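Novice: The structure that follows is given in the form of structure tokens.
The values are calculated or read from the model by the stated rules, or taken from the named source; none is laboratory data. Given the structure is predicted, the values throughout are model-derived calculations rather than measurements. Cβ: placed from backbone, ideal geometry, glycine included. Neighbour counts: every protein chain shown. Accessible surface is based on the protein model in full, side chains and every heavy atom, while ligands, DNA and RNA are left aside. Shrake-Rupley method; radii C 1.70, N 1.55, O 1.52, S 1.80 Å.
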Amino acid sequence: MIIDSHAHLNDERLLPIAGEIVAGFKANNIESCIIAGFDYKSSLLGVELAEKYSQYALIGTHPEEIKEVTNVILGKYKELAKSSRVVGIGEIGLDYYYEDNPPKEEQIEAFEKQIMLADELKLPIALHVRDAYGDCLSVLKNMHAHLNSGILLHCYSGSKEMIREFNAFDCYYALGGAITFKNAKKDEVIKEIPINRLLVETDCPYLTPHPHRGETNEPKYINLTVEKIAAVLEKEKEEIIDITNKNTKTLFFKIRG
Ligand code: NI
């Protein structure tokens, strides 16, 4: 069955129906989901949901929210990581898309602090990177000694060439609904990702796959993303499900079991 490796059931749009969503997993061929935090509050909520519904959680602060990343918050994350449902630090990273995002230097500093936190906790990291793949590579190079528990590039949107650079860090890549968009032109990127490093995700409520664009995204639509990957790689859907399920467990569930 499919594991949705990045879902925001902690988003205000999905929170009221989180129970219903999880109850519908089996009917939609979904085994579980990993609820991703984007700031401390949503991380705490994600852990609570993961505990309540037997799912998993990532905790961390998104690059747009890094003003909150103080030693106090990092200490709170350490406390939160004591939950057996926490499987990684995320989503963390760099986002240069909007002009009013925090300054690059501050983003890099908060990113590095959260990499240190993940290393201390021996947890993998899930990265949000937008228009910043070059700087992300530089950070990974600088922080190489602290990257010991695995790296996922969530919702990978970089080039085929960049994949070769990230492979040097043994990165995993998660693909979401964006690859199904009509103008996506992602086939070459999909083919370039090492198959034993490929994960799937929804990033719900965002990035709803075609033909449901415009609707709120939910984990059930992950089937459309899996079908697109199967078509591009000329494999059976079941094979893609088995491979991505195994990869997700190797990256995120190896410590917690
Ligand atoms: Ni996300």
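Novice: Residue-wise, which Karplus ³J(HN,Hα) couplings in Hz belong to region 169-175, taking 6.51 cos²θ - 1.76 cosθ + 1.60, θ = phi - 60°, and x for glycine or proline?
Specialist: Whole-Hz 3J(HN,Hα) from phi for region 169-175: 9, 6, 6, 9, 10, 10, 10.
Novice: Also, quick follow-up: Which FRET efficiency, nearest 0.05, do Phe169 and Glu227 yield, Cβ-Cβ r, R0 22 Å? Write down the numbers at each step before the final one.
Specialist: Numbers: r = 29 Å, r/R0 = 1.34.
Working from the Cβ atoms, E equals 0.15.
Novice: Given 10 Å bins starting at zero, what is the percent of C-alpha pairs of region 1-72 in each, up to the one with the largest pair distance?
Specialist: Each 10 Å bin holds this share of Cα pairs: 22, 50, 21, 6, 0.
Novice: Looking at region 69-150, which GluC sites (Glu not before Pro) are DSSP coil and have at most 12 other C-beta atoms within 10 Å of their C-beta? Intermediate results must be reported in sequence, preceding the final value.
Specialist: Details: sites: Glu79, Glu91, Glu99, Glu105, Glu106, Glu109, Glu112, Glu120; in loops: Glu99.
Sites meeting the loop and neighbour criteria: Glu99.
Novice: If you don't mind, another one. What are the lysines whose alpha-carbon lies under 28 Å from the alpha-carbon of Lys141, with same-chain residues fewer than 8 places away excluded?
Specialist: Partners within reach: Lys67, Lys76, Lys78, Lys104, Lys113, Lys122, Lys160, Lys186, Lys191, Lys246, Lys249, Lys254.
Novice: Determine ³J(HN,Hα), in whole Hz, for all residues of region 201-207 in sequence, where each value follows from phi through the Karplus function 6.51 cos²θ - 1.76 cosθ + 1.60 and θ = phi - 60°; x replaces Gly and Pro.
Specialist: The phi angles translate into 7, 10, 6, 4, x, 8, 6 Hz.
Novice: Amide H to amide H under 5 Å from Leu9: which residues, 5+ apart in sequence or cross-chain, H placed 1.01 Å off N in plane?
Specialist: Answer set, sorted by chain and number: Ala36.
Novice: So what's the back-of-envelope 222 nm ellipticity for the chain, counting only DSSP H runs of four-plus at -39500 (n - 2.57) apiece and dividing by all residues, rounded to 500?
Specialist: Estimated from H runs of four or more residues: -12000 deg cm²/dmol.
Novice: Over the chain, what is the relative contact order in whole percent, taking alpha-carbon pairs under 8 Å and six or more residues apart?
Specialist: RCO, the chain: 19 percent.
Novice: Report, in debye and to the nearest 20, how large the dipole of the chain comes out about its Cα centre when Lys and Arg carry +1 and Asp and Glu carry -1 on their Cβ.
Specialist: Numbers: 30 positive and 40 negative charges, 143 e Å.
In debye, rounded to 20, the chain gives about 680.
Novice: Something else about it: If a/c stays under 1.5 just call it rounded; otherwise compare a/b with b/c (prolate if a/b is bigger, oblate if not). Do that for region 143-204, with a ≥ b ≥ c from the square roots of the Cα gyration tensor eigenvalues. Intermediate values should be presented prior to the final figure.
Specialist: On the way: a/c = 2.40, a/b = 1.66, b/c = 1.45.
Prolate.
Novice: Which trypsin sites (Lys or Arg not before Pro) from region 3-104 combine a DSSP loop assignment with at most 12 other Cβ atoms within 10 Å?
Specialist: Filter output for region 3-104: Lys82.
Novice: Give the long-range amide H neighbours of Leu153: residues separated by 5 or more places, or on another chain, with amide H under 5 Å away, using H modelled in the peptide plane at 1.01 Å from N.
Specialist: Under 5 Å from the amide H of Leu153: Leu127, Tyr172, Tyr173, Ala174.
Novice: Related question: Please get the size of the charge dipole for region 108-211, origin at its Cα centre, with Cβ charges of +1 on Lys and Arg and -1 on Asp and Glu, quoted in debye to the nearest 20.
Specialist: Dipole about the Cα centre, nearest 20: 300 debye.
Novice: Going by accessible area, probe 1.4 Å, with all protein chains left in place, what is the ranking of Lys220, Lys141, largest first? Please list the in-between numbers first.
Specialist: Values: Lys220 85, Lys141 120 Å².
Order by accessible area, largest first: Lys141, Lys220.
Novice: Net charge around Ala178, counting only other residues with Cβ within less than 14 Å of its Cβ (Lys, Arg = +1; Asp, Glu = -1)?
Specialist: So the surrounding residues net to +3.
Novice: Per residue of region 224-237, in order, report the coupling 6.51 cos²θ - 1.76 cosθ + 1.60 (Karplus, θ = phi - 60°) as ³J(HN,Hα) in whole Hz, putting x for Gly and Pro.
Specialist: Those phi angles translate into 5, 5, 4, 5, 5, 4, 4, 5, 5, 8, 6, 10, 6, 4 Hz.
Novice: A further question on this structure: Please compute the Kirkwood hydrodynamic radius over region 2-252, one decimal place, Å, based on all pairs of different Cα atoms.
Specialist: 17.9 Å
Novice: Rounded to the nearest Å, what's the spacing between the alpha carbon centres of region 154-171 and region 40-96? Just the number, please.
Specialist: Result: 24 Å between the Cα centres.
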